[in-house]
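The values are calculated or read from the model by the stated rules, or taken from the named source; none is laboratory data. Note that this is a predicted model, so its numbers are computed, not measured. Cβ placement follows ideal geometry from the backbone for every residue including glycine, while neighbour counts extend to all protein chains displayed.
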Amino acid sequence: MTKPHRITFVQTHPVQYMAPLFRYIAAERHDLDLTVLYASTPMPDQQGVGFDRAFQWDISLTDGYRHRILAPAESSRRFDSSSFRGADVGPVDEALMATRPDIVIVPGWHSAFYLRAIAASRRHGIPVLYRGDSNLAAGPRGIRRPVWGMRTRAVLKMFDGYLAVGTRSREYLRHFGVPEPLIFDSPHAIDAARFASAADAEGVRAATRARIGASDDDFLVLFAGKFTSVKRPEDLMAAAARLGSRVVVATAGSGPLMAETRAMAEQLGVRAVFCGFLNQRELPALYAAADCVALPSQSESWGLTVNEALACGTPCVVSDRVGCAPDLIDHNASGAVFTMGDIDGFAHALSRVREATRGGVITRHSCRDVLSGFSFEAAAEGIRRGTERVIKRRDAALASDEHPRVVATLGNMVSVFGLERMSFEVLRTLRERGAAVHCVVNRWDSSRVVDLADAIGASWSTGYYWYELRRRATMRGRMLAVWDVFRTSVDLLRDARRFRPTHIFAPEFNAILRSAPALWLLRRLGTRVVLRLGNAPEHGRFYNFLWRHVIDRCVDQYVPNSRFIEQELLQHGARRLQHRSASAAPVAIAAGHSRPRHLRRTDHSAERTRSSPRRRCAAASTRFRCHAGRGRRHRRMGAPGVRRLSRERPCAGGAARSGGGGTFPRFA
């Protein structure tokens with residue numbers, strides 16, 4: 001059995017929605033060794049901020065998992081998200097290191113306590129995962145939004161991996177440039193079994209409706225939350241007034257707008273029952289009694305009330321500003337979405353849900369089916385996947401200077417089929433022979449490619465690879481292509497500076513074009529470039545020019561798959577050392593690495609001399625020929641027998657000379 005990953009989760013205080021997840025991981029996930037660090041615990045009045053009353057949760061939030069509380073409760077602390085220093089308890093290095101974490105998970109940066117944990121982790125070389133529910137809709141608007149965007153983009157770079165709780169969370173991360181392979185789904189989840197069993201208890205629904213005063217024919221709508229301007233409880237009263245007298249509104253919660261909401265209900269003639277604040281054990285009965293739960297919020301990063309309602313089998317009507325809307329609201333299964341602030345749209349959405357529930361379209365079973373994917377199991381699995389990938393990326397073995405160090409440019413790869421598997425077979429062989437391999441992938445859809453890189457123990461990073469390169473394009477398309485080549489080349493040079501490669505491996509010619517300036521420069525600094533080809537070059541003057549004057553100047557060795565591709569390469573003006581089979585790529589790299597580095601630089605210098613303008617003009621009349629005869633044996637790293645390929649071309653004085661000879665493996 002593999003050793004479990006030690007995970008330290010950092011939070012300012014115990015939260016009723018997170019404690020069940022921690023208990024699940026501690027009890028069920030033996031591959032994750034969890035410790036939770038809390039800054040402190042809130043006092044009853046601190047817990048009740050926003051509810052206008054002091055309270056404590058009626059379920060334990062710290063039982064069933066390993067945790068540590070760093071500082072005792074104090075009346076001066078604040079735990080709401082708007083207080084940056086309210087939960088700051090000073091340095092956390094000692095407490096964090098005492099948990100011996102492989103990975104640290106931090107839910108954001110809105111507290112100084114979280115920033116201290118991130119800084120301590122980075123000082124000690126421990127990867128940090130982000131797991132938050134921020135989304136683009138919750139960000140500020142107007143002149144503050146660009147500043148918010150720049151700050152968010154900068155802060156997100158402090159993390160090594162990212163756990164997305166839903167669709168909008170993933171969109172938020174992608175918007176700010178987080179590479180797709182570093183985003184892992186770890187959805188928001190609640191203790192659905194507890195809510196479902198309490199809601200399904202015999203007689204609970206009927207007794208609760210009777211206590212509220214709602215008959216079987218009434219449409220009971222529930223609002224559960226704080227009475228604040230962000231939650232917009234008045235919108236529910238205004239929408240309910242448009243639905244007639246058979247609608248009853250029940251509310252669970254308290255807050256500064258409760259009196260105004262009550263007055264509005266009386267003014268509009270809405271049958272409303274204000275239940276006040278209800279604790280965790282009391283909520284399932286009210287969810288079970290309701291026909292619909294309404295959440296008209298102006299801003300809601302997720303909306304775990306929706307999870308709770310669906311677990312009880314009750315559909316929801318939410319505004320389009322509620323973060324969970326794309327994930328949990330299905331018009332034919334779990335509720336409806338309306339535009340925030342649109343009262344008529346709100347009323348229409350409530351009416352649709354009423355008709356759908358009475359017509360049997362939306363049922364308790366359909367609501368729970370929608371929620372089934374948002375489970376503790378899925379959340380924990382996302383944490384495991386994120387942890388493993390980030391650790392593998394950090395710990396990818398780097399070979400010593402005695403072995404080749406290969407950078408593979410794989411930005412054009414998305415799916416995993418023949419070309420991709422053959423390329424990774426080459427890289428796997430190199431890894432088995434002691435080479436260090438680093439893969440450069442795209443940042444928008446490369447998770448499957450990164451899985452292959454992780455499987456062979458290669459490190460990886462992301463390059464630009466954003467715009468398509470087309471032969472025939474508009475002026476804008478051409479400018480974007482030039483920008484893409486520039487940015488992708490800059491990223492490759494950045495990786496080369498960090499990884500110090502001896503070789504660049506390109507699996508197809510587009511990878512050369514994408515990074516042509518960087519490859520041209522790296523060749524002149526002594527790095528060998530190997531291009532593997534599975535398809536022959538296309539014909540035409542454009543492609544002849546492209547291969548002779550662009551690709552060939554960026555490549556040291558070609559590895560064609562067949563003799564036909566070999567001949568096509570020669571006809572297109574390829575001059576470099578060449579091999580004929582895909583299996584020869586590791587041999588080509590190993591053979592190139594066996595040469596002293598200063599000699600490789602000398603070779604490039606000589607090649608620049610041969611590629612002078614005078615020689616390039618003479619190359620127009622170049623003639624190629626393959627010398628038959630028995631190939632000589634190469635013993636380096638098991639190389640097969642090879643056949644010498646050379647080319648003769650006229651020099652300025654008319655004499656022929658050999659230029660850029662190469663070797664090809666012999667086929668059986």
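Computed values, structure above
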quantity	calculated
Residue match in region 381-394 (condition: in a loop (DSSP other than H, G, I, E, B), buried (at least 21 other Cβ atoms within 10 Å of the Cβ) and not assigned by TED's automatic domain parsing to the domain that holds Tyr130)	no
Ala54 vs. criteria within 25 Å of Leu129 (Cβ to Cβ) and not β-branched (Val, Ile, Thr)	no
Matching residues, region 327-349, being under 18 Å from Leu243 (Cβ atoms) and either in a helix (DSSP H, G or I) or of a type in the set (Asp, Glu) (or both)	Asp342, Ile343, Asp344, Gly345, Phe346, Ala347, His348, Ala349
Search result, residues across region 350-376 that are without any contact (Cβ under 8 Å) to a residue 60 or more places away in the chain and assigned to a helix (DSSP H, G or I)	Arg352, Glu355, Ala356, Arg358, Arg364, His365, Ser366, Cys367, Asp369
Any hit, region 539-556, residues being within 39 Å of the chain's Cα centre (by Cα), in contact (Cβ under 8 Å) with a residue 24 or more places away in the chain, more than 28 Å from Asp495 (Cα to Cα) and in a loop (DSSP other than H, G, I, E, B)	no
Residue satisfying all of: in region 208-217; touching a residue at least 40 places away in the same chain (Cβ under 8 Å) and either in a helix (DSSP H, G or I) or acidic (Asp, Glu) (or both); nearest to Val273 (Cα to Cα) among these	Ile212
Boolean, Cys312 is crowded, with 24+ Cβ neighbours inside 10 Å and assigned by TED's automatic domain parsing to the domain that holds Ala214	yes
Qualifying residue in region 421-431 (condition: of a type in the set (Ser, Thr, Tyr) and touching a helix residue (DSSP H, G or I) at 6+ places or on another chain (Cβ under 7 Å))	yes
Region 133-192: number of residues that are touching a strand residue (DSSP E or B) at 6+ places or on another chain (Cβ under 6 Å) and not hydroxyl-bearing (Ser, Thr, Tyr)	13
Boolean, Val147 is among the aliphatic types (A, V, I, L, M) and at pLDDT 95 or above	no
Leu430 being surrounded by fewer than 24 Cβ atoms within 10 Å (Cβ to Cβ), more than 19 Å from Pro179 (Cβ to Cβ) and touching a residue at least 24 places away in the same chain (Cβ under 8 Å)	no
Test: residue in region 78-93 that is modelled with pLDDT under 95, charged (D, E, K, R), not assigned by TED's automatic domain parsing to the domain that holds Val322 and not in a loop (DSSP other than H, G, I, E, B)	yes
Unmet criterion (only one of (1) among the aliphatic types (A, V, I, L, M); (2) without any contact (Cβ under 8 Å) to a residue 60 or more places away in the chain; (3) part of a helix (DSSP H, G or I)) for Leu310	(2)
Answer from Ser197, Ser186, Ser254 - the residue that is among the polar types (S, T, N, Q), at negative phi and at pLDDT 95 or above	Ser186
Matching option when the condition is closer than 19 Å to Ala294 by Cβ and surrounded by fewer than 20 Cβ atoms within 10 Å (Cβ to Cβ), among Ser319, Ser351, Ser372	Ser351
Residue list for region 466-488, filter: closer than 15 Å to Ala516 by Cα and small (Gly, Ala, Ser)	Ala481
Members of region 473-514 found to be of a type in the set (Val, Ile, Thr) and in a helix (DSSP H, G or I), listed by number	Val482, Val485, Thr488, Val490, Ile512
Total residues in region 94-124, condition assigned to a loop (DSSP other than H, G, I, E, B) and in contact (Cβ under 8 Å) with a residue 40 or more places away in the chain	7
Cross-chain or 6+ apart pairs with Cβ under 7 Å, region 382-407 first and among the hydrophobic types (A, V, I, L, M, F, W, C), then modelled with pLDDT under 85 and surrounded by 20 or more Cβ atoms within 10 Å (Cβ to Cβ)	Val406/Ile589
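Every residue, every condition in (1) modelled with pLDDT of 90 or more; (2) within 24 Å of Leu522 (Cα to Cα), yes or no:
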{"site": "Ala408", "(1), (2)": "yes, yes"}
{"site": "Gly418", "(1), (2)": "no, no"}
{"site": "Glu432", "(1), (2)": "no, no"}
{"site": "Ala436", "(1), (2)": "no, yes"}
{"site": "Val440", "(1), (2)": "yes, yes"}
{"site": "Val449", "(1), (2)": "yes, no"}
{"site": "Gly457", "(1), (2)": "no, no"}
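Condition check ((1) crowded, with 16+ Cβ neighbours inside 10 Å; (2) of a type outside the set (Lys, Arg); (3) under 21 Å from the mean Cα position of the chain (by Cα)) across all residues:
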site	(1), (2), (3)
Ala98	no, yes, no
His124	no, yes, no
Asn135	yes, yes, yes
Arg141	no, no, no
Arg151	no, no, yes
Glu171	no, yes, yes
Pro179	yes, yes, yes
